[in-house]
Amino acid sequence: MDRYTDEALVLSTVDYGEADRLVTLLTREHGKLTAFAAGARKSKRRFAGALEPYMRLRVHLVETRGATVRLDSADIVAGYYAARADLPLIARALYAVELCRELTRDHEPHPELFALLEGYLHKLDAKEAGPTSLLAFELSALAHAGLMPRFDSCSLCGGPPGARPRFDQAHGGAVCEACAVRARDAVAISPELLSGLRALQDGERTPLPAELRARARALLNLFISHHLGRRLKSVDFMDQVGLD
């Protein structure tokens, strides 16, 4: 059995049996892994406080015969504790880790996505991430996963979106008025919203107005739900907290 060490972010945990825990990790070098932590719920020394969502760890892993690896020990590198004391920050962090968990496959390295999530959690912890930064994070995460929605031109004909564009999640983005007849599930989108999302996608970080931000969040929820086949649970939590 091979042993190795990697940097990891905790995406989620599930209790297993009376004392054990299954931990989903996004590692820098090995991608998403499901790790079996024997006795994690009883041992206060081996995993004390480490196996919580969005902890950044130095993990010591052992390969096993199945898809699950064994987690021998974990050292906390960053706990992002400031982001755990504020409900809106908790909601954003949980959404970010759930999105990354669902966008990735097991054992496929995603160093860019790891760096993106690590950077976003650091900004949340430093309270440097405004509401618009979550939209920027989502768009970057989708791009790294090969699911970047198209806002600069019609997804069907490649022409300009026009003055009355629509957005079709099944075809991957904006569609012009002429092509909208071929996109039955397309929803109306204003040129202003299309421009704002395109600017975020291109790297601009000018804050969007609250109303525009709320419409952008709804649109991305629609797109992500379509491609994942379900609505992320943390979206409901953000709604309860009152985040757009």
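The values are calculated or read from the model by the stated rules, or taken from the named source; none is laboratory data. Since the model is a prediction, treat every value here as computed from it, not as a measurement. Using ideal geometry, Cβ is built from the backbone for each residue, glycine included, and neighbour counts are taken over all protein chains shown. Ligands, DNA and RNA are excluded from the accessible area calculation, which covers all protein heavy atoms including side chains. Shrake-Rupley method; radii C 1.70, N 1.55, O 1.52, S 1.80 Å.
Data table
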quantity: Scope the range 1-21; condition among the aliphatic types (A, V, I, L, M), open to solvent by less than 50 Å² (accessible area, probe 1.4 Å) and either within 18 Å of residue 58 (Cβ to Cβ) or assigned to a strand (DSSP E or B) (or both); matching residues; calculated: 8, 9, 10, 11
quantity: In the range 84-107, the residues that are closer than 24 Å to residue 46 by Cα and open to solvent by less than 40 Å² (accessible area, probe 1.4 Å); calculated: 97
quantity: Selection status of residue 127, part of a helix (DSSP H, G or I) and of a type in the set (Lys, Arg); calculated: no
quantity: Within the range 26-59, tally of residues that are outside any loop (DSSP other than H, G, I, E, B), under 12 Å from residue 4 (Cα atoms), out of contact with any helix residue (DSSP H, G or I) (no Cβ under 9 Å at 6 or more places or on another chain) and open to solvent by less than 60 Å² (accessible area, probe 1.4 Å); calculated: 1
quantity: Failed item in (1) over 22 Å from residue 237 (Cβ atoms); (2) surrounded by 15 or more Cβ atoms within 10 Å (Cβ to Cβ); (3) among the small types (Gly, Ala, Ser); (4) touching an Asp or Glu at 6+ places or on another chain (Cβ under 9 Å), with residue 79 passing the rest; calculated: (1)
quantity: Index of the failed condition, residue 112 passing every other in (1) open to solvent by 10 Å² or more (accessible area, probe 1.4 Å); (2) in a helix (DSSP H, G or I); (3) within 20 Å of residue 5 (Cα to Cα); (4) touching a residue at least 60 places away in the same chain (Cβ under 8 Å); calculated: (4)
quantity: Long-range neighbours under 6 Å by Cβ, at least six apart or interchain, first residue part of a strand (DSSP E or B) within the range 77-97, second surrounded by fewer than 16 Cβ atoms within 10 Å (Cβ to Cβ); calculated: 77/58
